[in-house]
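Everything on this sheet refers to the single structure shown next.
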Amino acid sequence: MTSAICLGAYGLLVAVGAPRLLRRSALAERAPRLGVALWLGAALSVLLAWLAAAAMAGVHALVASGAWEPVARDCLAGGHAAACLGAIPASWHAGSVGVLWAAVAAAGFGVFGYLSVSVGRAMHQVRRARGKHVAAVRVVGRPAPALGEDTIVLDTGDRAAYCVAGRRDTVVVTTGALESLSQAELAAVLAHERAHLTGRHHLLLSLMKALGRTFSWLPLFPAAEREVARLCEMRADDAAARSHGEATLVGALLAMSEGKQGRHPSVALGASGYDVLARANRLLAPCGTGPESRRGALRRRMVAVACMVAVAGTTVTVGACTVLPLA
């Protein structure tokens, strides 16, 4: 049972301790893609570790009980699947150990099945909601070919711009936003929204939302849902700033956040969401080249390396804990 205990402890440690460690790292804001990879890797490593722990507990219990011997003997003698299946009931003679194997295996694969169904259902619901919203927007709005073939304008004084991914990716802009933005700022906002669509951020956010709902009792998964959404906005900010400039994008974000703001639907990704002021400060913050800045950058890299080692350590732990009991 050593391998199962190691993997279970690893998963619990990451599920409880990783959020505090990842939030303290400022590198995620400087490199949002790396930050997303760290949060996603930590979440998936916990699930894989616990699934592997359940499977290993069952295997070790089965091997320790000797219940595998009749199965292997009859399979080799029969030479076909029917003989293997017929030998399995006869192998459950190990009493409590056999019951433990069956319970652990059933629990592990039951959790995996529940997670798969929950994730699939959540992503299907979000996909249907996006499709309905796009259909409604195309009925009440009007196309704007001058802004792009994927752009729809809604006649309302609210300032809003957002994108909805689907079979027909759509960028929605209100007349209130058009009146409050200059041509350069409007181009930066549209670039931000199309960066979301190009990066397929909606798929990632749907997955994180499903994981956050399924494992809401663990600190890692709700935190990962919030942080990945915030980092996706920063990733889109960076893409828009590269093509249109930081100052232009910041001006557009501030203009969108003033006055009467329109709330974009939950299935959409909007430029004016997730703490506009903090994102503006991030875009305008000087990188710095002094000794303190270099030391800070070194500390951030060390934290990032530690996080990646912790995430990648799952694979090493699986291999080591598999070999040790058999050595």
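The values are calculated or read from the model by the stated rules, or taken from the named source; none is laboratory data. Since the structure is predicted, the reported quantities are computational estimates derived from the model, not experimental observations. FYI the Cβ positions are ideal-geometry reconstructions off the backbone, even for glycines, and counts take in every protein chain you see.
Residues are listed down the side, and each one gets a yes or a no for (1) crowded, with 23+ Cβ neighbours inside 10 Å; (2) over 17 Å from Gly131 (Cα atoms); (3) at pLDDT below 90; (4) under 11 Å from the mean Cα position of the chain (by Cα):
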site: Val153; (1), (2), (3), (4): no, yes, no, no
site: Val171; (1), (2), (3), (4): yes, no, no, no
site: Leu186; (1), (2), (3), (4): no, yes, no, no
site: Glu193; (1), (2), (3), (4): yes, yes, no, no
site: His201; (1), (2), (3), (4): no, no, yes, yes
site: Leu205; (1), (2), (3), (4): no, no, yes, yes
site: Gly212; (1), (2), (3), (4): no, yes, yes, yes
site: Ala224; (1), (2), (3), (4): yes, yes, no, yes
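Being surrounded by fewer than 18 Cβ atoms within 10 Å (Cβ to Cβ) and within 29 Å of the chain's Cα centre (by Cα) is the filter; apply it to region 155-168 and report the residue that is farthest from Val126 (Cα to Cα). Step through it out loud before you land on a result.
Residues of region 155-168 that are surrounded by fewer than 18 Cβ atoms within 10 Å (Cβ to Cβ), as a first pass: 155-158, 167-168.
Filter once more, so that each one left must be within 29 Å of the chain's Cα centre (by Cα): 167-168.
Details: Arg167: 13, Arg168: 15 Å.
By that ranking, first place goes to Arg168.
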Requested in this report: Kindly list, by first and then second residue, each pair from a residue in region 118-145 that is closer than 23 Å to Leu178 by Cβ to a residue that is modelled with pLDDT of 85 or more and polar (S, T, N, Q), limited to pairs with Cβ atoms under 7 Å and residues at least 6 apart or on different chains.
Outcome: Val134/Thr170; Val137/Thr170; Ala144/Thr151
Query - One residue from Ser65, Ser25 being at pLDDT below 80, under 30 Å from Asp237 (Cβ atoms) and surrounded by 17 or more Cβ atoms within 10 Å (Cβ to Cβ) - result: Ser25
Query raised in the report: Assuming Ala94 fulfils every condition listed in (1) in a helix (DSSP H, G or I); (2) modelled with pLDDT under 80; (3) surrounded by 14 or more Cβ atoms within 10 Å (Cβ to Cβ) apart from one, which condition is it?
Result: (1)
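Consider region 1-22. How many of its residues are surrounded by fewer than 21 Cβ atoms within 10 Å (Cβ to Cβ), in a helix (DSSP H, G or I) and either of a type in the set (A, V, I, L, M) or at pLDDT 85 or above (or both)? So that I can check it myself, show each step before the final result.
The initial filter retains those residues of region 1-22 that are surrounded by fewer than 21 Cβ atoms within 10 Å (Cβ to Cβ), namely 1-2, 5-6, 8-9, 12-13, 16-17, 20-21.
Now restrict to residues that are in a helix (DSSP H, G or I): 2, 5-6, 8-9, 12-13, 16-17, 20-21.
Checking the rest, the ones that are also either of a type in the set (A, V, I, L, M) or at pLDDT 85 or above (or both) come to 5, 9, 12-13, 16-17, 20-21.
Total satisfying the criteria: 8.
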Query raised in the report: Hey, does region 113-122 have a residue that's under 30 Å from Met256 (Cβ atoms) and either at pLDDT 60 or above or in a helix (DSSP H, G or I) (or both)?
Result: yes
Report task. Evaluate the following for Arg138: is it surrounded by fewer than 18 Cβ atoms within 10 Å (Cβ to Cβ), under 26 Å from Leu203 (Cβ atoms) and touching a Ser or Thr at 6+ places or on another chain (Cβ under 8 Å)? Result -> yes
